[in-house]
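The values are calculated or read from the model by the stated rules, or taken from the named source; none is laboratory data. The shown structure was predicted, so the numbers you read here are calculated from the model rather than taken from an experiment. In this analysis, Cβ positions are derived from the backbone assuming ideal geometry, glycine residues included, and neighbour counts consider all displayed protein chains.
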Amino acid sequence: MLALASPIVDTTALWKIILAAFAGGAGVVIAFGFLLLGLKRAGEARNAGTRLVNYTISGLCAAFCIAAVAVGIYAMAKKPKSKPSPPATTTKSALVVHPR
């Protein structure tokens with residue numbers, strides 16, 4: 001079945017799209033979760049070093065989330081233009097309806 005679809009589907013491009021969607025979808029959600037977890041643990045930390053580490057992790061996760069949003073907006077704004085469609089060829093039809 002895969003051999004039949006190979007001329008129609010570019011599997012290399014399909015895998016790139018799947019990986020980008022997974023990284024953009026699940027990756028941002030996971031990073032945002034670590035951001036919230038780091039902020040919570042930083043607020044509960046009694047040691048200044050632990051608090052600094054938790055704030056650092058939260059800051060890195062926040063930077064990743066902001067960068068993902070910026071890249072998404074940039075990708076939507078700078079979409080590549082599609083190729084122009086080939087010129088239509090005239091075909092002769094066996095049935096011709098003349099207006100009356």
Item to check | Condition broken by residue 46, with the remaining ones in (1) part of a helix (DSSP H, G or I); (2) modelled with pLDDT of 85 or more satisfied | outcome: (1)
Checklist entry - Got a number for residues in region 8-43 being under 18 Å from residue 65 (Cα atoms) and assigned to a loop (DSSP other than H, G, I, E, B)? => result 0
Next on the checklist: So, in region 53-77, exactly how many residues are among the aromatic types (Phe, Trp, Tyr) and either without any contact (Cβ under 8 Å) to a residue 12 or more places away in the chain or loosely packed, with under 14 Cβ neighbours inside 10 Å (or both)?
Outcome noted: 1
